[in-house]
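Read through the structure below, which is laid out as structure tokens, and then see the notes.
The values are calculated or read from the model by the stated rules, or taken from the named source; none is laboratory data. For clarity, every value in this text was computed on a predicted model and none was experimentally measured. Glycine gets a Cβ as well: all are built from the backbone with ideal geometry, and neighbour counts include every protein chain shown. The protein model used for the area step is the full one, side chains on, heavy atoms only, and it has no ligands, DNA or RNA in it. Shrake-Rupley method; radii C 1.70, N 1.55, O 1.52, S 1.80 Å.
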Amino acid sequence: MRPSSVFDRKLEMLDRAAHRAWLLERLRATVAAAYEKAPAVRRALDGAGLRPADVRSLDDLLRIPVTRKDALASLQAADPPWAGLLVGGRLQRIHASPGPTFVPQGSADDYWRFRMAFAAAGFRAGDIVVDTLSYHLTPGGFMLDAGLRSLGCVVIPAGTGSTDLQVTVASHVRATGYAGTPSFLRTLLHRGRELNLPLSIEVAFATAEMLPESLRSELETGFNIRVLQGYATADLGVLAYECPEKNGMHLQPECIVEILDLETGKPAAPGEAGHVVGTTFDADYPLLRFATGDVSAFAAEAGPCPCGRTAPKLKGLLGRVGDAIKVRGMFVRASMIEEAMKGFPAVARFQAVVTREEHHDRLEYTVELAQGTSLDAAKLSEALREAVKIRGEVRIGSVPPGAPRLDDRRVWK
Ligand SMILES: [Zn+2]
């Protein structure tokens, strides 16, 4: 299988203390420039009583207010077009993403910092790569495109759709690489076999959706393709990427990633799930403590990674903020409950409600049964406890259509 490589040995393998010093220098320069040129940053820092000169260690990052992705649309609407966050004036492109929010592409060559991620995945100069994220308004296609070209790859700007044409092109030019969602890669490979147009793809970078291990193993063993993945957002670019160890994604070393406890907003301990918050240092459009809305966790570390990279790892995407809450210290998601409910076909609708009584979290499930069915409530209760790791009460009753599956009604006083 295609070997992986390290793009920037100096930075990717820098020891932790030296890397923190490097990041602090970038942070100080970025805060100073943003305070000078981005009115929204100046307001936020003034509001927090923080001057650029006060940023003396990486811990001072915690004093900078967080900007939430779900607030960005209204901030941009109130102060068009860039909500007072733009620092430099040299843009290459302007993108839009659902929300709607607008995403400027600054002047840097590999603006979203993907080159290290592609090298780790085994891409190299001369690869001909099918880039299948959309190039239409949204930045996805261009994000991958810029990283690939900075590595010396040749890009086929395929975008989404037109499966047969993509297979024809990739087969004709003997494409060796693929970048995009893993499910579409599978579609292309199977279609290639059906059309008797074999594809010569050796290496793939998967992003923008979950990569189940069953799918990875089908692509690796069935088609002999190395498949590694990365985590990126439209606003921040790539934040983490896998190395050949495949047990988590190393943080991209040119940015700062924090995981913040969903309740307290304070840094979460390794292994604890929390809100992914990123800080980038682009000269045109840096983002300071931008909260993505995604939930992840730092992987617990057993020792240095055999690949030689020194950056900590993210466990991968665990969900979205809003569908995940912490109950009695445990992380509960609606999807976990739904999975357990699937084993009980009598359940037509359900709702889990969390309340707080006498400083104790209380979890109650209301389940509405399909007509003419019955349910062993104790058995369901046991299955739910198994799924979410905490005990809740099951009540049979009625659930209004469209009710949130997991409703947090706790009031914090
Ligand atoms: Zn590694």
Answer residue from region 251-275, given it is in a loop (DSSP other than H, G, I, E, B), over 19 Å from Ala44 (Cα atoms) and of a type in the set (Gly, Ala, Ser) and is most open to solvent (accessible area, probe 1.4 Å) among those: Ala269
How many residues are aliphatic (A, V, I, L, M) and outside any strand (DSSP E or B) if we restrict to region 79-106? 4
Quick check on this structure: which one of Gly303, Gly322 is free of Cβ contacts under 8 Å to residues at least 24 places away in the same chain and either small (Gly, Ala, Ser) or within 12 Å of the ligand (Cβ to nearest atom) (or both)? Gly303
Residue under question is Val321, and the condition is that it be more than 30 Å from Val238 (Cβ to Cβ) and either at pLDDT below 90 or crowded, with 17+ Cβ neighbours inside 10 Å (or both); does it hold? no
From the list Met330, Met341, pick out the single residue that is assigned by TED's automatic domain parsing to the domain that holds Tyr365, of a type outside the set (Val, Ile, Thr) and open to solvent by 20 Å² or more (accessible area, probe 1.4 Å). Met330
Name every residue in region 63-82 that is in contact with a Lys or Arg (Cβ under 8 Å, 6 or more places away or on another chain) and either charged (D, E, K, R) or open to solvent by 40 Å² or more (accessible area, probe 1.4 Å) (or both), in order of residue number. Pro65, Val66
In this structure, is Thr207 polar (S, T, N, Q) and touching a Gly at 6+ places or on another chain (Cβ under 6 Å)? yes
Would you please name the residue that is farthest from Phe290 (Cα to Cα), looking only at residues in region 15-55 that are touching a residue at least 24 places away in the same chain (Cβ under 8 Å) and not in a helix (DSSP H, G or I)? Asp15
Options Leu375, Leu363: the member that is among the hydrophobic types (A, V, I, L, M, F, W, C) and closer than 15 Å to Leu406 by Cα: Leu363
For Pro157, state whether it is in contact with a helix residue (DSSP H, G or I) (Cβ under 7 Å, 6 or more places away or on another chain), away from the ligand (no atom under 16 Å from the Cβ), closer than 20 Å to Gly230 by Cα and open to solvent by 20 Å² or more (accessible area, probe 1.4 Å). yes
Only strands (runs of 3 or more DSSP E) wholly contained in region 107-215 count here; list those with 3 or more residues that are of a type in the set (Val, Ile, Thr). 128-131, 154-157
For Ala346, are the conditions met, namely being surrounded by 12 or more Cβ atoms within 10 Å (Cβ to Cβ) and farther than 25 Å from Glu272 by Cα? yes
Matching option when the condition is surrounded by fewer than 22 Cβ atoms within 10 Å (Cβ to Cβ) and in a strand (DSSP E or B), among Gly293, Gly308, Gly303, Gly278: Gly293
Taking the stated definitions as given, is Asp407 touching a strand residue (DSSP E or B) at 6+ places or on another chain (Cβ under 9 Å), of a type in the set (Asp, Glu) and free of Cβ contacts under 8 Å to residues at least 60 places away in the same chain? yes
Looking at (1) closer than 30 Å to Ile225 by Cβ; (2) surrounded by fewer than 18 Cβ atoms within 10 Å (Cβ to Cβ), which is the one condition that is false for Glu12? (2)
